[in-house]
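Below is one structure; the comments refer to it alone.
A short reminder: the numbers here are calculations on the coordinates, not readings from a lab. These numbers come from a predicted model, not from an experiment. Backbone-built Cβ (ideal geometry, glycine too); neighbour counts: all protein chains shown.
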Amino acid sequence: MKHFFAVFVVFAFVFSVFAQKKTEKKNENLLATDLKAATIDGKIVNTADLRGKVIVLNLWFINCPNCLQEIKMLNEIVDEYKGKDVVFLGLATNNKTELQRFVKKNPFKYQIIPDVAAFMLTNYGDQKNGVYNLGFPTHVVIDREGYIVMKMQGIKGVDAVKKELKNQFEKKETKSK
């Protein structure tokens, strides 16, 4: 019991430190926290290096029924935006081995990053009374400058991603004219 309490105190401290980070705002949009991590294929992804591209995040886990239901729709979005300045990242709570087995049977065209539950919770969860809560799936769109321009929980987030991507690419086309 003492070990459980000690682990709980350590996690509470870590989450409170993350909660104290300062974020810049641009028109009420928060600057996204950078993530540097390895995908299940071993590729290192650093979101700081992706400035100039739109980033779409899908926060999910293998045993989430809605997460599984939307994979086909998310793959269609990846196909639709192929060749454009957009990166699709699937942040998962599961470990690398579980995810590798899963995607062999259930292809998911996002780049999958394993074991990032703490990052997801502290950066995209809602905090109330010092406790974080995050519903799955959660969809996030980050603009070319690194600001969160859309965040939505649930399968309805697929349509919100489509709408925001359309908005992001219409903006770029308008600026280039």
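Key figures for this structure:
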read-out: Qualifying aspartates and glutamates (Cα of each under 20 Å from Cα of K151; at least 8 residues distant if same chain); value: E24, E28, D34, E70, E76, D85, D126, D143, D159, E164, E170
read-out: Radius 11 Å from Cβ of N46, net charge of other residues (Lys, Arg +1; Asp, Glu -1); value: +1
read-out: In the range 46-140, lysine pairs with alpha-carbon atoms under 16 angstrom apart (chain gap of 8 or more, or interchain); value: 11
read-out: Mean Cα-pair separation over length for the range 54-177, i.e. relative contact order, pairs under 8 Å, 6 or more apart, %; value: 29 percent
read-out: Global geometry of the range 43-138, whether rounded, prolate or oblate, following the gyration tensor of its Cα atoms and the 1.5 cut on a/c; value: oblate
read-out: Aspartates and glutamates with Cα under 16 Å of K36, excluding same-chain neighbours fewer than 8 positions away; value: D49, D115
